[in-house]
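As structure tokens, the structure follows; a few thoughts come after it.
The values are calculated or read from the model by the stated rules, or taken from the named source; none is laboratory data. Since the model is a prediction, treat every value here as computed from it, not as a measurement. Glycine gets a Cβ as well: all are built from the backbone with ideal geometry, and neighbour counts include every protein chain shown. Surface accessibility is based on the protein's heavy atoms, side chains included, excluding ligands, DNA and RNA. Shrake-Rupley method; radii C 1.70, N 1.55, O 1.52, S 1.80 Å.
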Amino acid sequence: MRLPALWLTVAFAAGILLGLADGVIPGVWIAAVLAAVFAGFAFARRGWLLPAWIAALMAWAALGGFAASLERAGVPANHVTRLVSSGRLDISEPLRWRGRLRSDPVLLPWGFRTEIDLDEVESAGKSIKLSGGMRLSYFRREGEDQSAPAVRAGDRVEVLVRARVPRNFLTPGSFDSRAQLARQNIHLTGSLRSLELLAKLGDARPTLAHRFARVRGRLLARLSVLFRDAPDQAAVLRAMLLGDYNFLDRDVSKSFQTTSVYHVLVVSGLHVAALAAFIWWVARRFRLSLPLTVLAIFLVLGFFVAIVEDRPPIERAALMAAIVLLARLLFRRVEILNTLSVAALLVLLIRPSSLADASFQLSFLAALLIGGIALPLVDATSAPFRKALAHLSDVTRDVVHAPRAIQFRLDLRSAADWLASRLPARLASRSASLLAGACASAFRLWEIFLISLTVQLGLLPLMAHLFHRVSVSGPLANMPATVLSALIVPFGFITLGLDAVWTGFAAVAAPFTGWLVQTLLVVVQTISAWPRTAYRIPGPPAWVLTAFYLLLALAVLAALARRRRWVILLSLPLAALLLICATHPFAPSLAAGALEASVLDVGQGDSIFVAFPDGRTLLIDGGGTYGASRFGGMRIGLDIGESVVSPYLWQRGIRRLDVIALSHAHTDHLDGLNAILDNFRVQELWVGRAVDTQPFRDLLAHARARGVRVVDRARGESFSWGGVTGLFLWPESHSTAAAASNNDSLVLRLEYGQRAFLLPGDIEKPIESDLVLRGDPLAADVLKVPHHGSRTSATEPFLRAVQPGYAVVSVGETNSFGHPHRETLDRLRAAHVRALRTDQDGTVTFLSDGNTVRVTTFVAAGKK
């Protein structure tokens, strides 16, 4: 059977999916493996080869299920996650943690960060042995020395810190950051309050891994020194060479994402290929033997894998390169799909859970598209003509080529003769080589474009599903980005290598490397500025994604079998599915004829999605990082609008919003709206009292630049949508305030039939009292508790006036403000109000048909 490794890998992966999806114990899978193997041998003895092969595939599938269940059950009993989840370790207070530094402390614009491999913790007066990893951060105070602590990778340290288990936002569609950190062996995070709380414990001999980590730390430091006057160039080189993305400016990252070339920043197969190709080229120039060439590439790639931070993509690519090189060394013909399959199988054998990793999916799918579609297309188009350029003047070599290529050689010779008659004498003799070189360059550009186009189209559904982005300019942007990256990676390491010998050498090489990086930045930022070349979109439905990749797999198999008719037939439904993925022609998921208010879990902030019975939509606030600031030009904290609110809306199939409303101009309500304006078509922006602050002015300018109409809202104004009456009860006027205030919040009451929702922003006691004294219509079934449940909000008179059946507090877990305050919760309890919290219940959704109100929560839905 052709491509046996491919079929075995597919079967193994299918078994992993089954193993990850259910709770079957490893012993059951072993029994299934043995049963399939026994059946396979029985079929083979009778000469029934097809049933025997099917049984073999079933054995590999069962083996995949066994590997997945074994990995899941292989977490040590003393692992920190097990100790915390079982209650055997209380991390609610600061504890003394001990372990060895995994990496040198990395200086960041806001302080430093390092990671610790834990082995011990002191709790309740006793020492507990454990395992797991902790990411430790320190936020530097203004004016404080910017140097890192005097510890290195491999040092045994003790740190007094309150550790936390990484928390995902409990909002549908949000990224699973806890799983991502776990794949990096990080299970706790901690913020160091003082450098004195980190102490070195004696001298420990560093392992080989620690020594490589120290080398990495030194290289990062040298990049910062060599490119101190060009921080964007330094940030790009830190990312491309060593996998450190901490210094990438948000706008720079967005340019690479918009043009679909972010993969050149993320250490991946492209970087491995660039290094391997460069070493191969150098070795050929020095006429090294094949074994020495392969050895040199192995050493360089081994060093690259050892020092880079984001290792899994590099390990996969290096593994594929090793298989190809070993096959070349043994003079074996390399079938790229078999090579890809062997590499994937080895990765999955070691870590079955990699199958669920987006990085694994994207990298191997890209390689499959290149090997299964792009390279056959290259072979069918430009490859015969490019090969025909070799020894163009030698007519005796014509016969080794196909008829079309022979005619191409004849035409080129005629063109070369014509060119020679018009060139100066010293160039005339080289006319054939000049023409061949120009044609070779054109063919290479065509091949890069063809490969880029194939990968972009093939990944489009998965990219839309994972990142909600479609880039029309991707195939074009990838051509210069790929070429420049293939130069930047080797020359970047050459610069660092010269710096290790003498800084004077590096001073000569660094300007050229910097010029290459700057050229990449200019190209990417220029293309990203082109209008209408990229847009955001909800992910395709599961059936579309499944159908596309099943048909794509059939098309690859048909192409390998040279069934051109089948390839053409399959291309039509594939094109239709691509169009569906790129346009998402589906209605959003909204309850018809109902009023919905979903209070999202955005941490310590507010964001409320409201859907009306007629399908119109309103988003009140976009969350944000309270007190966020810039350090060294970088914004600290997540962009909640991009990372939480937008994915939620996309998960609902929403592409446009009728209105977004800003309750007031504090950053925990305002910041996220900038991303919403970029990611969705918005008709209007409603604001209450204007404030004379830069973030507020920037938001208004951003909205107007996007063609969004800005509407001022104040007390007494109303609207009616789909039978719902919206009434604004506050603020009193549109006059401009000097600074943002909780008591300037928009207060909106929505009434539908016999039911009402009250959304009062962050108002406090004075405004609550004023609304009560005025006799405003405050009665509501659902109350969004003002100001995150602070002591100065949801006062007794206010609650008596509202008389809610439900109240929801939008609040961040273990926030520094102590929200919600115990007194507020006591008042809600005394008023017999069912109180819900986004930090505990996740996103809370209220749905009313005008007669009743139903409530669902993210956490409760997940437990069903």
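Some values worked out for this structure:
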{"item": "Taking the chain and dividing mean pair separation by its residue count, relative contact order in percent (alpha carbons under 8 Å, at least six apart)", "result": "8 percent"}
{"item": "Cβ-derived FRET efficiency at R0 45 Å, R162 paired with A442, nearest 0.05", "result": "0.15"}
{"item": "Loop trypsin sites (Lys or Arg not before Pro), segment 465-558 (other Cβ atoms within 10 Å of the site Cβ: 15 or fewer; DSSP)", "result": "R532"}
{"item": "Tally of Lys pairs whose C-alpha atoms are under 29 Å apart, taken over the chain, 8 or more apart or cross-chain", "result": "5"}
{"item": "Modelled label reach - R88, point 7 Å along Cα→Cβ, segment 108-132 residues with backbone N closer than 12 Å", "result": "128-131"}
{"item": "Length released on extending from I336 to F449, taking residue separation times 0.36 nm less the Cα-Cα span", "result": "38.7 nm"}
{"item": "Antiparallel content of DSSP bridges confined to the chain, in %, to 5", "result": "70 percent"}
{"item": "Cβ-placed point charges (K, R +1; D, E -1), dipole of segment 763-864 about Cα centre in debye, nearest 20", "result": "300 debye"}
{"item": "With at most 15 other Cβ atoms within 10 Å, longest stretch of the chain clear of loop GluC sites (Glu not before Pro) (DSSP)", "result": "145-716"}
{"item": "Length released on extending from L208 to S720, taking residue separation times 0.36 nm less the Cα-Cα span", "result": "177.4 nm"}
{"item": "Zone of T519's modelled label, taken as backbone nitrogen in segment 477-504 under 20 Å from a point 7 Å along Cα→Cβ", "result": "477-496"}
{"item": "Student exercise, segment 169-289 dipole from Lys, Arg, Asp, Glu Cβ charges, in Debye to nearest 20", "result": "600 debye"}
{"item": "Relative contact order (%) - criterion: Cα under 8 Å, at least six apart; region: segment 402-546", "result": "25 percent"}
{"item": "Cβ-Cβ FRET estimate between A576 and E684, R0 fixed at 41 Å, reported to 0.05", "result": "0.70"}
{"item": "Degrees separating the helix 290-307 axis from the principal Cα axis of the chain, which is the longest one", "result": "10 degrees"}
{"item": "Cα centroid separation - segment 295-326 against segment 788-864, whole Å", "result": "53 Å"}
{"item": "Carbon and sulfur %, accessible surface of the chain computed with the full protein complex present, 1.4 Å", "result": "61 percent"}
{"item": "Inter-part distance where segment 526-604 and segment 211-261 are each reduced to a Cα centre, Å", "result": "33 Å"}
{"item": "Separation of the A860 and A705 label points, Cα + 7 Å toward Cβ, nm", "result": "4.3 nm"}
{"item": "Gyration tensor over alpha-carbon atoms, the chain, equivalent ellipsoid semi-axes in Å", "result": "52, 33, 31"}
{"item": "Segment 689-770: C-alpha gyration tensor shape, a/c 1.5 cut-off, then a/b vs b/c", "result": "oblate"}
{"item": "Segment V75-F286, length gained on full extension (0.36 nm per residue, minus Cα span)", "result": "71.0 nm"}
{"item": "R426/W502 FRET efficiency (R0 41 Å; Cβ-Cβ; nearest 0.05)", "result": "0.50"}
{"item": "Per-peptide average of other Cβ atoms within 10 Å, ordering 283-296, 831-844, 572-585 highest first", "result": "831-844, 572-585, 283-296"}
{"item": "Percent RCO, i.e. relative contact order, over segment 724-864, from Cα pairs under 8 Å lying at least 6 residues apart", "result": "18 percent"}
{"item": "Spin-label proximity, L554 to segment 372-398 - amide N less than 19 Å from point 7 Å beyond Cα toward beta carbon", "result": "372-373"}
{"item": "Solvent exposure ordering (accessible area, 1.4 Å, most first) of F12, F212, F175, F512", "result": "F175, F512, F212, F12"}
{"item": "Segment 750-815: C-alpha gyration tensor shape, a/c 1.5 cut-off, then a/b vs b/c", "result": "oblate"}
